[in-house]
Amino acid sequence: MIASDGIWDRFSNEEVANLVMDPEFYLQRNPDGAANFLVKEAAKRWKHEQGMIDDITIIVAYLDVPERAPGPAKPVSSLADR
């Protein structure tokens, strides 16, 4: 997710992560729904707390990353090792 300060000034990183990963959005791979929810909530918070609304820009994308087997992560070799 990428967002402007209009989001980050009203939400903590943890709060945004929890909202974007909410099953309503994440399991359905619904980035538009997550983004729309965050925009509306940020606007509401701006209006309530400041009496105005700052710029609010957000991009949410869910990546298809295959699950890895449990266990320690494998170290990534550096270019020097090649």
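The values are calculated or read from the model by the stated rules, or taken from the named source; none is laboratory data. Since the structure is predicted, the reported quantities are computational estimates derived from the model, not experimental observations. Methodologically, a virtual Cβ is constructed for each residue, glycine included, from the backbone with ideal geometry; neighbour enumeration extends over all protein chains shown. For the accessible areas, the whole protein counts, side chains as well, though only heavy atoms, and no ligand, DNA or RNA atoms are used. Shrake-Rupley method; radii C 1.70, N 1.55, O 1.52, S 1.80 Å.
From the list 41, 15, pick out the single residue that is charged (D, E, K, R) and touching a helix residue (DSSP H, G or I) at 6+ places or on another chain (Cβ under 9 Å).
Details: 15 fails: touching a helix residue (DSSP H, G or I) at 6+ places or on another chain (Cβ under 9 Å).
On inspection, the qualifying residue turns out to be 41.
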Flagged in the stretch 7-24 as in contact (Cβ under 8 Å) with a residue 12 or more places away in the chain and either among the aliphatic types (A, V, I, L, M) or loosely packed, with under 14 Cβ neighbours inside 10 Å (or both), in numbering order, are 7, 16, 19, 20
Scanning the stretch 25-40 for residues that are at pLDDT 90 or above and open to solvent by less than 40 Å² (accessible area, probe 1.4 Å) gives 31, 33, 34, 35, 38
